[in-house]
Each structure stands twice: as structure tokens, then as C-alpha cells.
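**Q** Can you keep this structure in mind? I'll have questions shortly.
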Amino acid sequence: MRINKYIAASTGLSRRAADRAVEDGRVEVNDTIVTNAVDVTEQDTVRLDGQLLDRPKIEHTTILLNKPVGYVVSREGQGSRTVYDLLPSALALLKPVGRLDKDSSGLLLMTDDGQLAHQLTHPSFKKTKVYEVVLDQPLQPLHRQMISEMGITLEDGPSRLGLERLEDGNDKKWRVTMHEGRNRQIRRTFAGVGYTVVKLHRKQFGSYALPANLHPGQYQTT
């Protein structure tokens, strides 16, 4: 957070007045006087005229984006459209929580809250993620058992997925549940027993679910 914003949020001063206080040498950060604009964090101590300022409550922004197929989750598309092309400039500093590959769609969380992102993505928290998957051919019972019970050995370790039919009698459409998020894990797991994922759509990430009325390319704040 910029120092003038920090001071303004802590004291009620305008940002212009906060700038003047900095320029006049009235502000200390970590016991050192600062006279130009600097960034501070919640771990820094800030004093104005010798008085320790309370840490301001920082308001974060988190959005749910219904990512369409064909967009990459990156700032640099290298010729492809990116999810940032779907957002206004005011949201350009948000960072994606986890990934969806270019050919996948559905729920993508984006936030400037580092703690939230950590809680959602660190393996120790084991957040549930739910996807709807369509295969190129019906999943055979043995392969279903291998994926959901025994697990499939991938180059970065075993992979086991929860599987539930989306439609009775249709063995090509599945609801997939997982608690980790290795790169292209679902696609690689099915490929390990001879199947190609032709559609992968994320519906849920932890406690966040994709709203039914949120169309591809649209977003809403949480």
C-alpha cells in the first residue's frame, strides 16, 4: 500500500495532506524518516509526528470469473486472448487463484488478497474442487475403479479422483472431485488409461461455486 493511502486510511487525512506530511519529514516507517512516496505492508510500523498509527483495515477485491474456452490465465497471452481481456482496467491488478488451461472453462477466482489465495491453493488446506468433464468415449468400469480407488501413476505422483455420473446411463459425462491441483492433472489422469478429455468445466473451488446465471466471460464480486 502506498504510504499516503496508509496514512489517509489510518488518520482520516486526505491523501494530499498525507503527501505533504511525508514531504515535510513528519512520517517514519520502521523508525526511519521518509520524505518520498514508498510502499508499506501490514508488517511495517508507521508514525506520524511521533505517534504510532493503527494499521488500517485493508479492503480486498475478489471476483468470480466464468472463464470461457480459448482464454489463457496469464498476463502474457503470446498471441492468445487472456482473462485480463475480459476485465476492466480497475481490476487489472487482480491475480488468479490457481489455473485453468486454455481449453478449460468455468470458475476462476481472482483476488488481491494474498492470504485468501494461500488458503485456497496450499496443499495443506485440501480445498475441494469440482469439475464437469466430458470424455471422448464411455469410461469403462475397470478404468473408473482405477481412477477413483487405486489411482493412476503420473510422472509427478499418483492421482486419484472422485467420480460421479452427471447423467444416468451416460458414461462419457462425469462430475470430478479433487483436493489438489497439479498441472493438467485431470486430463493427464484420464489420458493415463486411454481417454481424452474433450470438455473440462470447473464448478466449485472450496466454498466458492459458479453462479448459474454467470455467463461465459462475465464476472461478479464476492
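**Q** Whenever you get a sec, compute what percent of the accessible area on the stretch 106-156 sits on carbon and sulfur atoms (1.4 Å probe).
**A** Carbon and sulfur together cover 50 percent of it.
**Q** Continuing with this model, one more query. For the ranges 121-132, 209-220, what's the packing order if you count other beta-carbon atoms within 10 Å of each residue, average per peptide, and put the highest first?
**A** Top of the packing list down: 121-132, 209-220.
**Q** Averaged per residue, what accessible surface does the chain expose to a 1.4 Å probe, in Å²?
**A** 58 Å²
**Q** Check V72: other-chain or 5+ apart residues with amide H under 5 Å from its amide H, H built from backbone geometry?
**A** R81, T82, V83
**Q** Roughly how many whole Å is it from the C-alpha centroid of the stretch 1-66 to that of the stretch 163-222?
**A** Here the answer is 43 Å between Cα centres.
**Q** Amide H of K199 versus every other amide H placed in the peptide plane: which residues, excluding those fewer than 5 positions away on the same chain, fall under 5 Å?
**A** V134
**Q** Taking θ = phi - 60°, what integer Hz values does the Karplus form 6.51 cos²θ - 1.76 cosθ + 1.60 yield along the stretch 127-141, in sequence order, with x for Gly and Pro?
**A** 6, 6, 10, 10, 10, 9, 10, 10, 9, 6, 7, x, 7, 6, x
**Q** Around V27, under 11 Å between beta carbons, what's the net of Lys plus Arg minus Asp minus Glu among the other residues?
**A** Net of charged neighbours comes to -2.
**Q** Let me ask something else about it. Using +1 on the beta carbon of Lys and Arg, -1 on that of Asp and Glu, and nothing else charged, what's the dipole of the chain about the Cα centre, debye to 20?
**A** Dipole about the Cα centre, nearest 20: 660 debye.
**Q** Apply the Karplus curve 6.51 cos²θ - 1.76 cosθ + 1.60, θ = phi - 60°, to the phi angles in the stretch 88-95 and return the couplings in whole Hz, x for Gly and Pro.
**A** x, 4, 5, 10, 5, 8, 5, 10
**Q** While we're here: Using the Cα centre of the chain as origin and beta-carbon charges of +1 (Lys, Arg) and -1 (Asp, Glu), tell me which of V133, G114, G169 is placed farthest towards the positive end of the dipole.
**A** The residue sitting farthest along the positive end of the dipole is G169.
**Q** For P(r) over Cα pairs in 10 Å bins from 0, in percent, the listed values are (1) 7, 26, 24, 18, 12, 8, 4, 0; (2) 8, 37, 40, 14, 1; (3) 8, 31, 30, 19, 10, 3, 0, 0; which was obtained by calculation from the structure presented?
**A** (1)
**Q** Still on this structure, please answer the following. If I model a spin label as a point 7 Å beyond the Cα along the Cα-Cβ vector, how far apart are those points for T128 and V193 in nm?
**A** Label-label distance for T128 and V193, simple model: 2.2 nm.
**Q** I want the local charge near T61. Using Cβ-Cβ distances under 15 Å, sum +1 for each Lys or Arg and -1 for each Asp or Glu among the other residues.
**A** With Lys, Arg at +1 and Asp, Glu at -1, the neighbours total 0.
**Q** Then there is this: Run down the lysines and flag those whose C-alpha is under 17 Å from the C-alpha of K67, throwing out any fewer than 8 positions away in its chain.
**A** Result set, ordered by chain and number: K95, K102, K129, K199, K203.
**Q** Continuing with this model, one more query. Using 0.36 nm per residue, how much length does the chain from L87 to Q119 gain when fully extended, once their Cα-Cα distance is taken away?
**A** 9.1 nm
**Q** Packing-wise, with mean Cβ within 10 Å as the measure, how do 2-10, 158-166 rank, highest first?
**A** Top to bottom by mean Cβ count within 10 Å: 2-10, 158-166.
**Q** For a quick protection proxy, order the peptides 105-116, 40-51, 55-66 by their average other-Cβ count within 10 Å, most packed first.
**A** The densest-packed peptide leads the list: 105-116, 55-66, 40-51.
The values are calculated or read from the model by the stated rules, or taken from the named source; none is laboratory data. The shown structure was predicted, so the numbers you read here are calculated from the model rather than taken from an experiment. Neighbour counts run over all protein chains shown; Cβ positions are idealised from the backbone, glycine included. Note: accessible area is taken over every heavy atom of the protein model, side chains too, but ligands, DNA and RNA are not part of it. Shrake-Rupley method; radii C 1.70, N 1.55, O 1.52, S 1.80 Å.
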